[in-house]
Amino acid sequence: MIELLTPQEMSRADALAMEKGPHDGAGLMDRAGAAVADAVLARFAGAAGFDILCGPGNNGGDGYVVADLLRERGLDTKVWRLAMPRQGSDCEAVAARCHAECAPLEDYRPLPGRIAVDALFGAGLSKPVGGAAARVLGSLAETGVRVVAVDLPSGVSGATGQVLGIAAPAALTVTFFRRKPGHLLYPGRALCGETLVADIGIDARVLDEIAPRCFVNDPALWRAEWPVMEPDLHKYRRGHVGVFSGGPMATGAARLSARAAARIGAGAVTLLSPGAALAVNAMHLTSIMLRRVEEERELLEFHEERRPKAYVLGPGFGIGELTRRFAEAILQAQQGAGLVLDADAITAFAGDPQRLADAASKRRGDLFLTPHAGEYARLFPDLGGDDDLSKLDRARKAAAHMNAVVVYKGADTVIAAPDGRAAINANAGPHLATAGSGDVLAGMIAGLCARGMPGFEAAAAAVHLHGEAGNGCGAGLIAEDLPERLPEILRDYP
Ligand SMILES: NC(=O)C1=CN([C@@H]2O[C@H](COP(=O)(O)OP(=O)(O)OC[C@H]3O[C@@H](n4cnc5c(N)ncnc54)[C@H](O)[C@@H]3O)[C@@H](O)[C@H]2O)[C@@H](O)CC1
Ligand SMILES: [K+]
């Protein structure tokens, strides 16, 4: 169940399911409505009554099925319809046989103690919600009546998670077959409340034809590429990571990355430090090696001699020509290596992103960019300022343009590959929003890249395990804790 379908892909799944049987459109709708009614009864059977808000499309159709099922149970149930069902739709067919009392939506007033089932718009939302629907959704949000959303809270775009017009927060959302990006991308994710995915009898083989390109970032997405630890493994075959340190007053970030690379299983890690910071770094390192790298010549010597599999450049490094030259040197080296550009190394290319794109077009190893929203907007001002683009679109466009795996960070981190695959992360808690957390993630990505994981999977695995590490710490978390949680988590990934 890791695939995420756009509303268009979901309607294709519905159509393919109807074509192949055994259920026709009304049959799927019966099952969808029954799944919602079951979920409502499991949680809110004791409510004073049930108000089913029905739109004119098939989302409304699900609502009529719910109304009938609750009414059959003898529960106080009333349908409030926005408009008559669309002619010839499955909604029209199920509405015609619904026995619940119907009234115009504009007469609906939310009453405390009753449950509102929001079946106004689902996958077919096509414009901002206005008029009576907007007034009702606004009043739901104000009165705090408990809302169960059918498929999606009406007003939330399934494709982007953005609110078109207005949406009312749901306590529970019941969706069908597979989730959509809008269930996982904010603000949609927060408006969905608890999300249930119901099986309505669509055969998963329809996915072979749809070939979805977006996934929830679950271990099932990358587990097959997890590097196997062979018993006779030599430390350099486990991959060597080089991490660039900043000057004497900015060394901590690089050490966090280095420690994370080591903890995630790189066989060796070397901190590449300017001469002035060697002493301060040496005072804080034990198993991690230290080497002076201040000029491009020293970097190339290290690269030739030690053949690292991946680098981290950016944390605490500073923004300047040296940053850009180091990045280019690694991307253009004969012996390819992965390169994670984080923090300052992303900002260093702001103003001239084409220079990075040119270097990346010739790369021999994987390239990763790990911006948060601010860094993203600095590097891609046009994409960052385009309100029509979702976070998913932005990550994908950046990945294609930079020929890189882009990890667009935040509470709903998106990982996108240049080939169009993308994953949305869902396991990270708010405690991860702390100084140094991103430096740890950069090191984890480099470590998994050095261990031989392909780029997209390495980034997705690192983001997931970073979330797990954060959840293991909870409140009081500081970035130093994250690498130390990894040995326990990695017991599940031998
Ligand atoms: N037989 C099927 O096709 C199935 C459909 N399912 C349900 O059907 C939904 C999708 O149905 P539809 O494609 O009919 O789409 P919706 O019912 O989500 O909405 C489409 C209707 O709403 C109108 N509309 C869209 N945005 C509006 C706005 N902002 N203001 C006013 N009117 C607006 C459209 O003109 C159209 O009439 C899913 O979300 C799911 O709940 C499920 O029952 C599974 C089976
Ligand atoms: K809805």
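The values are calculated or read from the model by the stated rules, or taken from the named source; none is laboratory data. Only a predicted model underlies this, so the values are computations on that prediction, with no experimental measurement involved. Quick reminder, even Gly has a Cβ in these numbers, built from the backbone with ideal geometry, and neighbours come from all protein chains shown. All accessible areas refer to the heavy atoms of the entire protein, side chains included, with ligands and DNA or RNA removed. Shrake-Rupley method; radii C 1.70, N 1.55, O 1.52, S 1.80 Å.
So here's what we get for this one:
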{"item": "Calculated FRET efficiency for the pair Ala15/Glu101, C-beta based, R₀ 35 Å, to 0.05", "result": "0.60"}
{"item": "Separation between Cα centres of segment 6-40 and segment 336-372, rounded to whole Å", "result": "44 Å"}
{"item": "Residue-count net charge about Asp412 - beta-carbon cut-off 11 Å; Lys, Arg +1, Asp, Glu -1", "result": "+3"}
{"item": "Shape of segment 219-490, Cα gyration tensor, a/c cut at 1.5", "result": "rounded"}
{"item": "Percentage of interatomic Cα-Cα distances in segment 406-467 larger than 17 Å", "result": "33 percent"}
{"item": "Pairs beyond 29 Å (Cα-Cα), from Lys362/Lys409; Lys180/Lys397; Lys362/Lys391; Lys20/Lys391; Lys20/Lys180", "result": "Lys20/Lys391"}
{"item": "Segment 419-494: trypsin sites (Lys or Arg not before Pro) in DSSP coil with no more than 13 other Cβ atoms inside 10 Å", "result": "Arg491"}
{"item": "With DNA, RNA and ligands ignored, accessible area of His23 (1.4 Å probe; Å², nearest 10)", "result": "50 Å²"}
{"item": "Trypsin sites (Lys or Arg not before Pro) lying in DSSP loop within segment 97-161, provided at most 15 other Cβ fall within 10 Å", "result": "Arg97"}
{"item": "For segment 20-150: rounded, prolate or oblate by the Cα gyration tensor [a/c cutoff 1.5]", "result": "oblate"}
{"item": "Computed helical MRE - 222 nm, the chain, DSSP H runs ≥ 4 contributing -39500 (n - 2.57), nearest 500", "result": "-12000 deg cm²/dmol"}
{"item": "Largest-first ordering by accessible area, 1.4 Å probe, given options Ser126, Ser89, Ser11", "result": "Ser126, Ser11, Ser89"}
{"item": "When the chain is reduced to its Cα atoms, the Kirkwood hydrodynamic radius in Å", "result": "24.3 Å"}
{"item": "Of all accessible heavy-atom area on the chain, the percent that carbon and sulfur account for (1.4 Å)", "result": "50 percent"}
{"item": "Rounded to 5, the percent of DSSP beta bridges in segment 368-494 classed as antiparallel", "result": "75 percent"}
{"item": "Probe 1.4 Å, accessible area per residue of the chain, Å²", "result": "40 Å²"}
{"item": "Exposure rank, largest accessible area first [Glu19, Glu209; 1.4 Å]", "result": "Glu19, Glu209"}
{"item": "Helix 391-402 vs. the chain, principal-axis angle (Cα, 0 to 90°, nearest 10)", "result": "40 degrees"}
{"item": "Computed FRET value (nearest 0.05) for Tyr186 with Arg292, which takes r as the C-beta separation and R₀ as 56 Å", "result": "0.80"}
{"item": "Pairwise centroid distance, computed over Cα atoms, of segment 147-208 with segment 288-311, Å", "result": "48 Å"}
{"item": "Solvent-accessible area of Leu69 with every protein chain in place, 1.4 Å probe, in Å² to the nearest 10", "result": "60 Å²"}
{"item": "Separation of alpha-carbon centers, segment 66-107 and segment 424-491, rounded to whole Å", "result": "48 Å"}
